[in-house]
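Worksheet: one structure, shown below.
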Amino acid sequence: MENIILASSSPRRQEILKSLGIPFQVVLPNVDESSYMAKNAADLPEILAKAKTQAVARAMPPKQVIPWILGADTLVVMANKIYGKPRDHEQAIEFLEALQDRTHHVITSLALYNGRSRTTSVRTACAKVTFAPMSREEIEWYVDTGDWHGAAGGYRIQGMASCFISKIEGTNSCVVGLPIFELYDMLKEQGYSIVS
């Protein structure tokens, strides 16, 4: 299998690629996510996934052959309000207070650049996540674990937050940040086979 450039520092995305046996290297995109906007919050992950892929492609040396670049972005959205990565402990508490006892959407978009055809394919997955009611003590306990750092919405489904998630409609891999079915479907469409 050919090496894929992963335009993400996410350990969870790296773990998923490893679990699928896909060889990759990480190249961090130079993208200021706060400078991107969309009329509809649900469109922003696709815009950012493409921007990350394009930023890495532009940063490559001019004569280097670029086989594959994979970008991804995940957003937590509720009532058209985006819950990004909390900036600090207090905002993590604020996010969880808003999300507890409610259902929100987790939207993850993938963008795959094919260096041979010089085209970019995009796939988006959406999951609905419902938090059980949480007491202030439970919220503070979770935030004190530090598990929220760098996570959209201020929680990680594969971590201690799973104690409070009562329902998921969709796939875990979408919520983690790299929807496996959509990734496989996109790779297959582009002629990249992980089945040998």
Practice task
Tell me, please, whether a residue that is open to solvent by 70 Å² or more (accessible area, probe 1.4 Å), assigned to a helix (DSSP H, G or I), over 19 Å from residue 85 (Cα atoms) and of a type in the set (Lys, Arg) can be found in segment 28-46.
Solution key: no
Practice task
Please tell me if residue 176 is β-branched (Val, Ile, Thr), in contact with a Lys or Arg (Cβ under 7 Å, 6 or more places away or on another chain) and surrounded by 13 or more Cβ atoms within 10 Å (Cβ to Cβ).
Solution key: yes
Handout entry: Residue, farthest from the chain's Cα centre (by Cα), within segment 68-94, restricted to residues that are closer than 30 Å to residue 191 by Cα and among the hydrophobic types (A, V, I, L, M, F, W, C)
Key = 68
Completion exercise
Pairs returned, first residue in segment 1-15 that is closer than 18 Å to residue 148 by Cβ and assigned to a loop (DSSP other than H, G, I, E, B), second residue that is at pLDDT 90 or above and open to solvent by 20 Å² or more (accessible area, probe 1.4 Å), beta-carbon separation under 7 angstrom, 6 or more apart or interchain, are 9/26; 9/28
Practice task
Pick out the one residue from 128, 85, 167 that is crowded, with 17+ Cβ neighbours inside 10 Å, touching a residue at least 12 places away in the same chain (Cβ under 8 Å) and either within 23 Å of residue 42 (Cα to Cα) or not small (Gly, Ala, Ser) (or both).
Solution key: 85
Practice task
Considering (1) farther than 29 Å from residue 67 by Cβ; (2) at pLDDT below 95; (3) surrounded by fewer than 16 Cβ atoms within 10 Å (Cβ to Cβ), say which one residue 137 fails and leave the rest.
Solution key: (2)
Handout entry: In segment 88-125, the residues that are open to solvent by less than 60 Å² (accessible area, probe 1.4 Å) and basic (Lys, Arg)
Key = 123
Fill in the blank from the handout: Taking first residues from segment 21-39 that are closer than 15 Å to residue 73 by Cα and second residues anywhere that are open to solvent by less than 50 Å² (accessible area, probe 1.4 Å) and in a loop (DSSP other than H, G, I, E, B), the pairs with Cβ under 6 Å that are 6 or more apart or on different chains are 29/7
Problem - Candidate set from segment 158-196 (those that are over 20 Å from the mean Cα position of the chain (by Cα) and among the aromatic types (Phe, Trp, Tyr)); member that is farthest from residue 113 (Cα to Cα) - result: 164
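The values are calculated or read from the model by the stated rules, or taken from the named source; none is laboratory data. The structure presented is a predicted model; accordingly, all values stated were derived computationally and were not measured. All Cβ positions, glycine included, derive from the backbone under ideal geometry; neighbour counts span all protein chains shown. For accessibility, only protein heavy atoms count, side chains too; no ligands or nucleic acids. Shrake-Rupley method; radii C 1.70, N 1.55, O 1.52, S 1.80 Å.
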